[in-house]
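Report on the structure given below.
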Amino acid sequence: MVQLLNLRGEEILGKTEYDFFPKETADQFRSNDLTVMEALGKPIVAEETLLLDQQIITYLAIKFALVDEQGVPYALCGISTDISDRKQMENQLRQQAEDLEQTLQELKHTQTQMIQSEKMSSLGQLVAGVAHEINNPVNFIHGNLTHLDEYTQILLQVIHLYHQHSSNRHPEIQEFLDEVDLEYIQEDLPNMINSMKVGTQRIRQIVLSLRTFSRMDEAESKVVDIHEGIDSTLMILQHRLKEKPEHPAIEVIKEYGTLPLVECYAGQLNQVFMNILANAIDAIEEYNQQRTLAQIQANPSQIQIRTSVINSHSIQIAIADNGLGMSEDVEKQIFNPFFTTKPVGKGTGMSMSISYQIISEKHGGKLECFSTLNKGTKFVIELPIQQNK
């Protein structure tokens, strides 16, 4: 104490720690001393800190009580070693370890995002190529169906005139006509051609949706119709929305407002729609596994998509489902990288994290989640109409 405070011995006689140190520091010393006295001779090791000349000094104190023959303590001894440099080094090493851990997590996040972006870019190029290859023969078939319909009408008219004006048919012709049921063929053939037209038109719509969705390699923002992106995503997910033996159909309710064209990275935005809608379908399917048929019929599975203009600068897209929903704890972590409630192999935990980054960082927008367990989940996207250059 004499050396520490640069005092003479007589200056500390009869004084306590409260005469030299702030109350908080003195309380710390007094508490340690009482612990030592209660230990009845057993040494106690403790770290003690004090503020001296605007510097925090840490001491490693070894204290023990001297006791008489009856075991009653009559004095307290202590040895304190200045370990401030060591503590400072430990703190620096701890901070460096924390910084390295954070950097490692950021690198993992960035690596996963790069892999995901590369996958989506490759997928976009693949889908665009396949769509192009499908589109050419489909257009060829669709165009020829129009001519086929015209030629069929001509042939049917010729047959009709032949029947009308030919009273003396060759027996072989008459026998063949009786076998093939010509009247039914005349009625059904136009219907078959029309159904083929509908089928090729459906394929063309699917191809268009694939081409719209697969804008993954577009490096610059473009002005697009947001509804086209949503519709193309729904078209791709149509097979999961339809009724199947293991689950009923999921109804999609679209409440589209009148939106202006929005400047955005369309392919990346479509990826966000895909992530949110696919998760909504997963949540509904998981919830339906816990419900009876009567409960499902009373509260049918639905996904509601609502778009609106917030103001002259931004729009809003809300996608809500009445699926399983989330607990408050899960909802708080939904945008964290690598967080997932799905079994191993079913999800990477990156879809919502990437979606959040695409909306907030890439587009300068907002992505929020509102969820109630066993009630459903709603994701709300806010996007600027024009990107800041």
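The values are calculated or read from the model by the stated rules, or taken from the named source; none is laboratory data. The structure displayed is predicted, hence computed values, not measured ones. All Cβ positions, glycine included, derive from the backbone under ideal geometry; neighbour counts span all protein chains shown.
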Residue tally, condition touching an Asp or Glu at 6+ places or on another chain (Cβ under 9 Å) and modelled with pLDDT of 80 or more, over the range 81-129:
2
Return yes when residue 140 is of a type in the set (A, V, I, L, M, F, W, C) and more than 30 Å from residue 208 (Cα to Cα) and no when it is not.
no
Spot the failing condition for residue 41; the list is (1) outside any helix (DSSP H, G or I); (2) modelled with pLDDT of 80 or more, and only one is missed.
(2)
Residue that is surrounded by the fewest Cβ atoms within 10 Å (Cβ to Cβ) [pool: residues in the range 349-389 that are part of a strand (DSSP E or B) and basic (Lys, Arg)]
366
Just one of (1) over 30 Å from residue 230 (Cβ atoms); (2) part of a helix (DSSP H, G or I); (3) modelled with pLDDT under 80 trips up residue 134, so point out which.
(1)
Take the residues in the range 25-39 that are touching a strand residue (DSSP E or B) at 6+ places or on another chain (Cβ under 6 Å) and among the hydrophobic types (A, V, I, L, M, F, W, C), then tell me which one is farthest from residue 71 (Cα to Cα).
36
Among the residues of the range 292-308, is there at least one that is part of a loop (DSSP other than H, G, I, E, B), surrounded by 15 or more Cβ atoms within 10 Å (Cβ to Cβ), modelled with pLDDT of 90 or more and touching a Gly at 6+ places or on another chain (Cβ under 6 Å)?
no
Can you spot a residue in the range 137-160 that is at pLDDT below 80 and assigned by TED's automatic domain parsing to the domain that holds residue 183?
no
